[in-house]
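Asks: The structure that follows is given in the form of structure tokens.
The values are calculated or read from the model by the stated rules, or taken from the named source; none is laboratory data. Source: prediction; values computed, not measured. A quick note on method: Cβ atoms are made from the backbone with ideal geometry, for glycine too, and the neighbour counts reach across all protein chains shown. Please note that ligands, DNA and RNA were not included when accessible areas were found on the heavy atoms of the full protein model with its side chains. Shrake-Rupley method; radii C 1.70, N 1.55, O 1.52, S 1.80 Å.
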Amino acid sequence: MTPSDRSVQMFGLEKTAVAAACQRFIDTVLKPRFLTDIRPTRFNYPIDILGKWHGRRYRFLQRYRSGFLDNLGEEFDAPFTRLDWVGPDRFDVQWYRHTETWFRLYRAQSLAQALKAIETDGHLHPL
């Protein structure tokens, strides 16, 4: 088995554990702090915070529902933070800018450090 094959295998094993830890973080930290209740408006309004893997990247997303008359009730996801898997228990923490580009704020953090950064760094919070 080549080092590259071991890396892929390690990522596959770690992926499930990371998703579970991130979901606990969403449920216990992000939702109570940033989505205490859903308040419909005539504009786009947040209805959920969730996370999804996209390749080797775990994205934190805020789901919105439209209150506009022309697309009333339609929903869409907007990313706000991303963890890029760079090795076993090592992640680059990225911030999603309003320019639709990602900007790395933290390099090679453990999962615990990355989640702490998301909790404490205002750039990484949902809108």
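Asks: Let me know the charge dipole size of the range 43-109 about its Cα centre in debye, to the nearest 20, where only the beta-carbon of Lys, Arg (+1) and Asp, Glu (-1) is charged.
Replies: 400 debye
Asks: Mind running the shape call on the range 20-60? Use the C-alpha gyration tensor, a ≥ b ≥ c as the square roots of the eigenvalues: rounded below 1.5 for a/c, prolate if a/b tops b/c, oblate otherwise.
Replies: oblate
Asks: Moving on to the next point. Just flag the GluC sites (Glu not before Pro) in the range 39-127 sitting in loop per DSSP whose Cβ has no more than 14 other Cβ atoms within 10 Å.
Replies: Of the GluC sites (Glu not before Pro), the ones in loops of the range 39-127 whose Cβ has at most 14 other Cβ atoms within 10 Å are Glu74, Glu100.
Asks: Turning to a different aspect of this structure: Kindly express, to the nearest 10 degrees and within the range 0 to 90, the angle between helix 3-25's C-alpha long axis and the longest C-alpha principal axis of the chain.
Replies: That works out to roughly 40 degrees.
Asks: What do you get for the angle between helix 111-120 and the principal long axis of the chain? Use alpha-carbon atoms, 0 to 90 degrees, nearest ten.
Replies: 30 degrees
Asks: Loop by DSSP (not H, G, I, E, B), at most 13 other beta-carbon atoms within 10 Å: where is the longest site-free stretch of the chain for chymotrypsin sites (Phe, Trp or Tyr not before Pro)?
Replies: After excluding every exposed loop site, the longest remaining stretch is 69-127.
Asks: Which trypsin sites (Lys or Arg not before Pro) from the range 95-127 combine a DSSP loop assignment with at most 15 other Cβ atoms within 10 Å?
Replies: Arg97
Asks: A follow-up question, please. Express the carbon and sulfur contribution to the solvent-accessible surface of the chain as a percent, rounded to the nearest whole number, probe 1.4 angstrom.
Replies: Roughly 54 percent, rounded to a whole number.
Asks: May I pose another question? Mean residue ellipticity at 222 nm from the helices of the chain, using -39,500 (n - 2.57) per DSSP H segment of n ≥ 4 over the full residue count, to the nearest 500 deg cm²/dmol?
Replies: -9000 deg cm²/dmol
Asks: Here is a further query. Report the gain in length on full extension from His54 to Arg33: 0.36 nm times residue separation, minus Cα-Cα distance, nm rounded to one decimal.
Replies: Computed gain between His54 and Arg33 is 5.0 nm.
Asks: Probe of 1.4 angstrom, ligands and nucleic acids ignored: what's the accessible area per residue over the chain, in square angstrom?
Replies: Per residue, the chain has an accessible area of 60 Å².
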